[in-house]
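Some notes on the structure that comes next.
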Amino acid sequence: MGETPKHYDFQQGEILLFDKALDWTSFDLVKKVRNKLTRALKLKKMKVGHAGTLDPKATGLMILCTGKATKQIDSIQAETKEYIATIKLGATTPSFDLETEEEQQFPTQHITSELINQVLEKFLGEQMQVPPVFSAVKVDGKRAYEHARKGQDVKLNAKLIQLYALEVVDFQNNLLVIRVECSKGTYIRALARDLGEALDSGAYLVGLKRTKIGEYRVEDAMDINYFLENIDLFVTN
């Protein structure tokens, strides 16, 4: 976020950009920031919320809103997202990412750069996408991942999403790196699954970084540990 502004008014409302680290949950981020702010400001409670969940195995831009700025969460969440996704071709996992072990392997000899570009083009525009079973979608009052982790069958309905851009960044040794611009509600893990099937193979997500939400960019984000360790810089100016 560049230089520290002269004054943060967290109660009135601030929009904070953070670069989420690997294995942090979105709730971890909110909880730690809220706890630090309430102690530093000597408050009993404070509104803090995030504008768009990131999986623990994903990194990158997380937007937190405090105070009255929490009213902007819905509009920020509705903005276009940009990701850099690293996808392993030729295998699948139950969670479509590194949370679970590989369960099946598939041939990849037939996959070329030309084939990948042809397939990606077919995914552009509006799509019906089935969310991953290892996701926070509610099923019978519980999160889908709670059912999935117990080995229970979970049936999720397809949802309408939109893919605005799909661009190959790198492709070698069965690792495909793509830049994705997409609508709210898009699961990049599910996109990896669907790409694998469309390539007559398998695929799962091995790396994901969110780089943009609307006009907000990860380059302008703060390191969360710097913020937490230097909270006095932000509340005393």
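General observations
- The set of residues in the range 40-55 being more than 16 Å from residue 70 (Cβ to Cβ) and within 11 Å of the chain's Cα centre (by Cα) consists of 54, 55.
- Residues (at pLDDT below 95 and aromatic (Phe, Trp, Tyr)) located in the range 149-208: 187
- Selected residue (only one of 195, 191, 176, 205 is in a strand (DSSP E or B), within 19 Å of residue 100 (Cβ to Cβ) and outside the structural domain of residue 59 (by TED's automatic domain parsing)): 205
- Checking the stated criteria, residue 138 turns out to be modelled with pLDDT under 95, within 21 Å of the chain's Cα centre (by Cα) and basic (Lys, Arg).
- Applying the criterion of being in contact (Cβ under 8 Å) with a residue 40 or more places away in the chain and of a type in the set (Asp, Glu) to the residues of the range 216-232, the residue that is surrounded by the fewest Cβ atoms within 10 Å (Cβ to Cβ) is 232.
- Set 77, 104: member being surrounded by 16 or more Cβ atoms within 10 Å (Cβ to Cβ) and either touching a residue at least 12 places away in the same chain (Cβ under 8 Å) or within 21 Å of residue 224 (Cα to Cα) (or both): 77
- For the range 29-52, the set of residues classified as touching a strand residue (DSSP E or B) at 6+ places or on another chain (Cβ under 9 Å), assigned to a loop (DSSP other than H, G, I, E, B) and among the basic types (Lys, Arg) consists of 47 only.
- Screening residue 47 on (1) surrounded by fewer than 17 Cβ atoms within 10 Å (Cβ to Cβ); (2) touching a Phe, Trp or Tyr at 6+ places or on another chain (Cβ under 7 Å); (3) of a type outside the set (Asp, Glu) shows it passes everything except condition (2).
- Search result, residues across the range 83-102 that are farther than 26 Å from residue 183 by Cα and touching a strand residue (DSSP E or B) at 6+ places or on another chain (Cβ under 7 Å): 90, 91, 102
- For the residues 31, 71, the requirement of being under 25 Å from residue 183 (Cβ atoms), outside the structural domain of residue 93 (by TED's automatic domain parsing) and at pLDDT 95 or above singles out 71.
- Residue within the range 198-207 that is over 22 Å from residue 114 (Cα atoms), in contact (Cβ under 8 Å) with a residue 60 or more places away in the chain and not aliphatic (A, V, I, L, M) present: yes
- Here residue 23 passes the criteria (1) in a strand (DSSP E or B); (2) modelled with pLDDT under 95 except the one numbered (1).
- Residues that are more than 15 Å from residue 190 (Cβ to Cβ), of a type in the set (A, V, I, L, M) and part of a strand (DSSP E or B), drawn from the range 78-102: 84, 89, 91
- Extreme residue, surrounded by the most Cβ atoms within 10 Å (Cβ to Cβ), among residues of the range 180-214 that are of a type in the set (D, E, K, R) and under 13 Å from the mean Cα position of the chain (by Cα): 189
- Cβ-Cβ under 7 Å pairs, at least 6 apart or on other chains, the range 119-131 side touching a residue at least 24 places away in the same chain (Cβ under 8 Å) and farther than 18 Å from residue 158 by Cα, far side among the aliphatic types (A, V, I, L, M) and assigned to a loop (DSSP other than H, G, I, E, B): 119/199
- Those residues of the range 103-118 which are in contact with a strand residue (DSSP E or B) (Cβ under 9 Å, 6 or more places away or on another chain) and part of a helix (DSSP H, G or I), in sequence order: 113, 116, 117
The values are calculated or read from the model by the stated rules, or taken from the named source; none is laboratory data. None of the values given here were measured: they were computed from a predicted structure. Glycine also receives a Cβ, built like all others from the backbone with ideal geometry; neighbour counts cover every protein chain displayed.
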